[in-house]
Amino acid sequence: MKIMIRWILLFCLSTSLWATSETVHSSIVTYIESKDFTNSVQKEDGVVYGIGADIHLDHSEYRFAYEYGDTNTKQPPLKEDLRTDKLFLKYTYTFQNDLEFNLNYINILNDNIAITDGGKTYGAGIMYHIRKNINTNFTQYCTNYDDFNVYQSDLTINYKMKINGIKVKLTSITKYIKLDEENVNSFTKNAEDEYLTSGLKLHLHYDGYHFGSAVYVGKRAFAIMDDGFKIQHHAMEFDRTYAVGIGKNISDFVLRLQYIYQHATELPVENKNVEVSNIRLLLNYKF
C-alpha cells in the first residue's frame with residue numbers, strides 16, 4: 001500500500017507541476033514492469049514502478065524519472081528481499097539545428113542489500129546532425145560507488161527514413177565499459193576490467209501504431225542503458241539481450257507493451273545461464 005501511495009503522489013505532483021508550464025511536444029509517462037529470474041541463486045521475481053516526464057522549453061529539454069523496485073530474493077543466501085529507489089535526470093540544450101549538448105545524472109537513492117547503495121552517475125555528451133536524417137551522439141558516463149568506479153563511453157548513430165508512409169528509425173549503439181576497483185569487493189572480484197558491447201535498435205511508426213525491437217551482443221556489467229534511464233548496478237554480467245515492443249496512439253495517450261529477455265552470469269558466485277525476463281507496460285500522455 002505504501003508503494004502505491006508513493007507512486008500516485010509522485011504522479012499527481014508531476015502532473016500539476018508540468019501542466020502549468022508553456023511546453024511544446026512534452027509528455028508524462030508512467031510504467032510498471034514485472035521481472036522473472038530463472039536459474040538465479042539470489043533472486044526470484046519482482047516488480048518495478050516508474051514515473052517520468054519529458055519537458056521542452058525553448059531550446060532546452062528536461063527529462064526525469066523516478067523508479068521504485070521490489071524484488072523477492074532467495075533466503076539464504078540473502079537475508080532480506082531487495083528494495084530500490086532510483087532517480088534519473090537528463091538535460092539537453094540545442095545550440096542550433098545540427099548541434100545538441102546533454103548532461104545526465106543518476107542517483108541510486110536506496111539499495112538495501114548491495115554495496116552500490118548511494119551510487120551516483122554523471123554524464124555529458126554531444127549530438128551532431130550529420131544530415132537531416134542522420135545524427136550521432138557520444139556520451140561519457142562516470143559512476144562512483146564506495147568500492148569501485150565505472151567509466152562508460154557510448155557512441156550512438158541514428159538513421160531515419162520513410163518507406164510507403166512507414167516511419168523507420170535505425171539505431172546502432174556501441175558501449176565501452178571500464179572498471180576501476182578502489183577496494184577489494186565481491187561485486188568486481190570475478191568481473192573483467194573492460195567490456196565492449198554493441199546493439200541495434202529498430203522502430204517503426206505507421207498510422208498511430210508503433211513497433212520496436214532491439215538486440216545487444218557482447219558482455220557487459222554495471223552498464224548504463226536506455227539513454228541514461230536504466231542502470232545495472234548489481235553484480236551480473238550480461239552477454240546478450242533481446243527486446244520487442246508494440247504500441248498504439250489513443251488520442252493524446254500512447255500505450256506500449258515491451259518484452260525484454262537477458263542472459264547473464266551472477267558474478268559473486270560465477271553462476272552462469274541466468275535468464276531474466278521483463279514485461280513492461282507504459283502509458284504516455286502528450287501535451
What aspartates and glutamates could a cross-link reach from residue 201, if we take a straight Cα to Cα line under 18 Å and drop same-chain neighbours fewer than 8 places away?
-> 154, 226, 227, 239
The range 59-169: translational diffusion in µm²/s, Stokes-Einstein, Kirkwood Rh over Cα pairs, 25 °C, 0.890 mPa s = 147
Placing +1 at every Lys and Arg Cβ and -1 at every Asp and Glu Cβ, with all other atoms neutral, what dipole size does the chain have around its Cα centre, in debye to the nearest 20?
-> 1040
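Compactness ratio of the range 100-240: Cα Rg over 2.2 N^0.38 Å, N = residue count?
Normalised Cα radius of gyration, the range 100-240: 1.18.
Mind checking the alpha-carbon convex hull of the chain and giving the volume per residue in Å³?
With only Cα atoms used, the chain gives 128 Å³ per residue.
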Distance from the range 223-267 to the range 75-117 (C-alpha centre basis), Å = 14
Set of lysines with alpha-carbon distance to residue 86 below 21 Å, sequence-local pairs under 8 removed | 2, 35, 43, 120, 230
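Bear in mind that the values in this text are calculations on the coordinates, not laboratory data. Predicted model only: the values in this text are computed from it and were never measured. Backbone-built Cβ (ideal geometry, glycine too); neighbour counts: all protein chains shown.
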